[in-house]
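Down below is the structure, laid out as structure tokens.
The values are calculated or read from the model by the stated rules, or taken from the named source; none is laboratory data. Note that the structure is a prediction, hence the values are computed from the model and not measured. Glycine gets a Cβ as well: all are built from the backbone with ideal geometry, and neighbour counts include every protein chain shown.
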Amino acid sequence: MLDLIKGRRVEDALNTLAFTKKGIAPTVHKLVRSALENANYAGQEKGADVDLDRLFVKNAISNEGPRMKRIRPAPMGRAFRYQRRMTHISVILAEKNGEGKEALVTKVGDEPKAGKTTKGKTAGKGTKKKSVAKK
């Protein structure tokens, strides 16, 4: 799927993803649309000079993500182990200038998380110990 949209204008890439019958196409469509909105935000709020009509997909890659190890019940009380695989998808948009030069605009996907979590709580919270004075 990612090879279909590499090097294409963003509008053409979104149309291709919208009418492709692959299972991953809606996810990649959502990611490209998010990259387009990030470029629009950079143009309006941060003062960058971005022409949305000149944007194209410079690079789109998919890497192996973490694996979750799971157990599936098997006959006679046994258990089979299997791995649930995940992937990281990155999309980079760039703008073609009139001279044929490229300028990087935005990168979406495969970004690190803000904080580690443990058992549904943010790390660092709930670690204070209360001291109780005995009489």
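List of remarks:
- Only listed residue being under 18 Å from Ala94 (Cβ atoms), in contact with a strand residue (DSSP E or B) (Cβ under 6 Å, 6 or more places away or on another chain) and outside any helix (DSSP H, G or I), chosen from Asn59, Asn63: Asn59
- Within segment 31-56, being part of a helix (DSSP H, G or I) and over 12 Å from Val10 (Cα atoms) holds for Asn38, Asn40, Tyr41, Ala42, Gly43, Gln44.
- Matching residues in segment 27-52 - criterion: being without any contact (Cβ under 8 Å) to a residue 24 or more places away in the chain and either out of contact with any helix residue (DSSP H, G or I) (no Cβ under 8 Å at 6 or more places or on another chain) or aromatic (Phe, Trp, Tyr) (or both): Lys30, Glu37, Tyr41, Gln44, Glu45, Lys46, Gly47
- Scanning segment 11-40 for residues that are under 16 Å from the mean Cα position of the chain (by Cα) and hydroxyl-bearing (Ser, Thr, Tyr) yields Thr27, Ser34.
- Some residue of segment 92-112 being assigned to a helix (DSSP H, G or I), within 17 Å of Ile5 (Cα to Cα) and at pLDDT 85 or above: no
- Residues of segment 47-94 that are surrounded by 14 or more Cβ atoms within 10 Å (Cβ to Cβ) and charged (D, E, K, R): Arg54, Lys58.
- Scanning segment 51-102 for residues that are under 17 Å from the mean Cα position of the chain (by Cα) and of a type outside the set (A, V, I, L, M) yields Lys58, Asn59, Ser62, Asn63, Glu64, Gly65, Pro66, Arg67, Arg85, Thr87, His88, Ser90.
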